[in-house]
1. How many of the residues in the stretch 153-188 are within 15 Å of the chain's Cα centre (by Cα) and not small (Gly, Ala, Ser)?
2. Filter the stretch 208-264 for residues that are free of Cβ contacts under 8 Å to residues at least 12 places away in the same chain and outside any helix (DSSP H, G or I) and give the result.
3. Might you let me know whether the stretch 536-549 holds any residue that is under 30 Å from Phe168 (Cβ atoms), touching a helix residue (DSSP H, G or I) at 6+ places or on another chain (Cβ under 9 Å) and open to solvent by 20 Å² or more (accessible area, probe 1.4 Å)?
4. Do we find that Val486 is buried (at least 20 other Cβ atoms within 10 Å of the Cβ) and within 18 Å of Arg277 (Cα to Cα) in this structure?
5. Evaluate the following for Glu97: is it out of contact with any helix residue (DSSP H, G or I) (no Cβ under 8 Å at 6 or more places or on another chain), within 16 Å of ligand 2 (Cβ to nearest atom), modelled with pLDDT under 95 and at negative phi?
6. Can you pull out the residues in the stretch 37-75 that are under 14 Å from Thr91 (Cα atoms) and open to solvent by 40 Å² or more (accessible area, probe 1.4 Å)?
7. Tally the residues that are farther than 20 Å from Glu134 by Cα, near ligand 1 (Cβ under 7 Å from one of its atoms) and acidic (Asp, Glu), restricting the search to the stretch 23-71.
8. When the residues of the stretch 21-51 are filtered to those that are in contact with a helix residue (DSSP H, G or I) (Cβ under 8 Å, 6 or more places away or on another chain) and assigned to a loop (DSSP other than H, G, I, E, B), which remaining residue is nearest to Phe168 (Cα to Cα)?
Amino acid sequence: MSIRLLDDHLINKIAAGEVIERPASVVKELLENAIDAGASRIAVRITGGGTTSIEVEDDGKGIPLNEIALAFQRHATSKLSSADDLQQIVTMGFRGEALPSIAAVARVKVYSRCAGEPGLFFHIEGGRIMACEEYNAVPGTRMLVEDLFYNTPARKNFQKSPVSEGIFIHDLVGRYALARPDISISFSSQGRLYFKTPGNGQLRDAIIAVHGASLAEQLLPFAYQGENICLSGFLSRPELKKPNRKWQYFYVNTRPIRSPLLYRAVEQAYQGMLVSREFPVAIINVNIDPKMVDVNVHPQKSEIRFRRDQDIFRTVHEVLRSCLQEYQVKISSYRHPPDDAAVTTDLAESVSSGWISTGIPSFQNYKPRVSLPPRAVKTDTTITVPTADSGNIKIIGQFLQSYIIAEVDQELYIIDQHAAHERILFNRLLKQDKDHRRTSQELAFPQVLELSALQMEILQEHSEFFSSLGFDLGLLGHNTVIIRAVPVGLNGHEEETIIEMLDAPQGEEKEQWPSKALISMACRQAVKAGQALEPAEIKAIVEDLLDTPNYKYCPHGRPTLIKISLQDMERMFKR
Ligand code: ADP
Ligand code: MG
């Protein structure tokens with residue numbers, strides 16, 4: 001084949017492969033265009049997880065009739081005119097690739113109107129213009145994208161299920177809604193409204209609209225004005241933990257971005273407060289001279305490069321750290337009333353196990369099967385317990401309050417106390433779930449819990465599952481639930497546990513949700529690394545663990561224990 005230039009339609013289809021990976025990419029591009037158009041109100045509506053239809057309506061400046069066809073041409077943009085502009089990008093879009101790419105792989109209809117002009121209707125399918133005419137549209141722009149990937153079957157087959165794509169889009173729109181609290185942004189799927197931010201410029205109000213009031217209550221605000229950088233946002237109290245980084249939102253000059261640098265800054269700020277696989281919530285706005293960042297790194301524009309990235313890292317880390325320290329000082333002075341001896345002793349105990357573990361389910365929830373008087377045995381003495389099935393167990397002690405060291409059948413066991421306890425609790429929960437045995441405990445004071453629309457939906461979908469575990473929940477209002485009873489052992493931590501269960505990954509493996517939710521519940525209730533344990537508690541964990549199916553791994557799949565035999569030991573000492 002001889003070399004020739006590709007025709008425009010083919011170029012657009014190739015570009016679409018880069019820019020339009022999935023339905024969420026269309027939503028992202030249309031949302032960014034609406035933001036760039038100066039909208040104060042944006043509505044996003046999808047059906048079929050975005051594959052059937054995506055609609056983005058804004059009240060922005062509109063597109064003139066004589067420019068609409070151009071807007072759908074490659075590298076057509078109103079946002080950049082010279083290479084200089086590329087050095088300091090202030091708009092969300094600038095590459096002029098989105099509309100032609102979307103139009104190459106979908107059927108697109110545009111209704112738009114600029115102030116004082118007649119308005120238009122434009123229809124383009126697979127890159128072919130079907131209609132371009134005057135139309136009495138409302139001011140602003142409404143873009144309707146239907147049958148995405150109808151002409152690229154390969155891409156279509158790679159799409160995830162509509163449910164998981166819908167959840168992905170929900171997250172994405174939520175991310176932009178927090179980026180621009182000054183714009184009222186709403187999201188609906190299948191005709192149901194999931195959230196609508198008020199657009200009053202208050203980030204906290206936007207968080208309440210998207211994630212519910214109970215999350216917002218657990219966040220600490222921070223703000224910092226430096227010479228070249230300005231930071232603001234919210235951080236979660238260390239007691240609030242999430243199972244992944246999904247709850248970390250970073251914005252640079254209001255553009256949502258992914259940044260390993262900022263993930264690291266957050267992680268280090270929480271050092272010593274969270275263990276591995278626990279993540280905080282963070283919403284961080286970085287305002288910086290546009291010249292100091294390069295956003296033109298990737299076609300999707302969600303990765304950026306900072307110039308002087310080490311300075312930025314240091315500033316962010318220090319600001320977050322001091323926000324957390326301030327909070328720490330505040331709660332410890334709150335919990336140290338000088339004349340209340342009883343409270344002080346309580347605190348001393350919780351401090352000895354690391355102050356962050358206050359407010360976390362403790363060992364009190366855990367009933368050892370063999371009950372020894374807890375304080376009768378000194379920590380440094382070893383206890384030998386002969387058991388029927390798992391041989392001789394001799395507890396040697398606890399290493400760094402995180403690992404249990406024991407001798408079992410003449411082997412040395414090093415047990416990860418959190419992982420082990422998690423496995424024990426998880427198996428118990430599984431068993432209860434199977435046996436439909438309710439081990440429920442009524443709350444003396446029913447709790448009211450406010451949920452986001454998405455959490456509410458998941459709760460309703462799995463309401464039977466929750467009651468089979470022993471939860472008694474009732475609907476109070478639109479997004480409000482009353483907790484009347486909880487599974488035994490959860491008392492005092494019902495809210496966090498329910499929220500964490502609802503936040504367990506849904507995604508494509510929907511059938512796996514119940515077990516993921518049980519893992520969250522077990523993880524919540526399990527003892528933590530860094531927690532001092534009584535000898536009787538240590539013993540119960542070791543015994544129960546060895547008595548549990550699949551005891552070698554925690555439900556996340558990490559090992560619960562390492563065994564070292566005498567031979568291993570001798571080999572190591574080269575005897
Ligand atoms: P870019 O955003 O990179 O400029 P796009 O292909 O996304 O490229 O859009 C092309 C042009 O179409 C934009 O520069 C803008 O002038 C116009 N446009 C797109 N969407 C809208 C909208 N919702 N309101 C007003 N103008 C729009
Ligand atoms: Mg754009």
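1. 10
2. Scanning the stretch 208-264 gives Ala223, Gln225, Glu227.
3. no
4. no
5. Spelling it out, it is not the case that Glu97 is out of contact with any helix residue (DSSP H, G or I) (no Cβ under 8 Å at 6 or more places or on another chain), within 16 Å of ligand 2 (Cβ to nearest atom), modelled with pLDDT under 95 and at negative phi.
6. Gly38, the sole residue that qualifies.
7. Within the stretch 23-71, residues that are farther than 20 Å from Glu134 by Cα, near ligand 1 (Cβ under 7 Å from one of its atoms) and acidic (Asp, Glu) number 3.
8. Out of the qualifying residues, it is Arg22.
The values are calculated or read from the model by the stated rules, or taken from the named source; none is laboratory data. These figures come from a predicted structure and were not determined experimentally. Note that we place each Cβ from the backbone using ideal geometry, even for glycine, and neighbour counts take in every protein chain shown. Please note that ligands, DNA and RNA were not included when accessible areas were found on the heavy atoms of the full protein model with its side chains. Shrake-Rupley method; radii C 1.70, N 1.55, O 1.52, S 1.80 Å.
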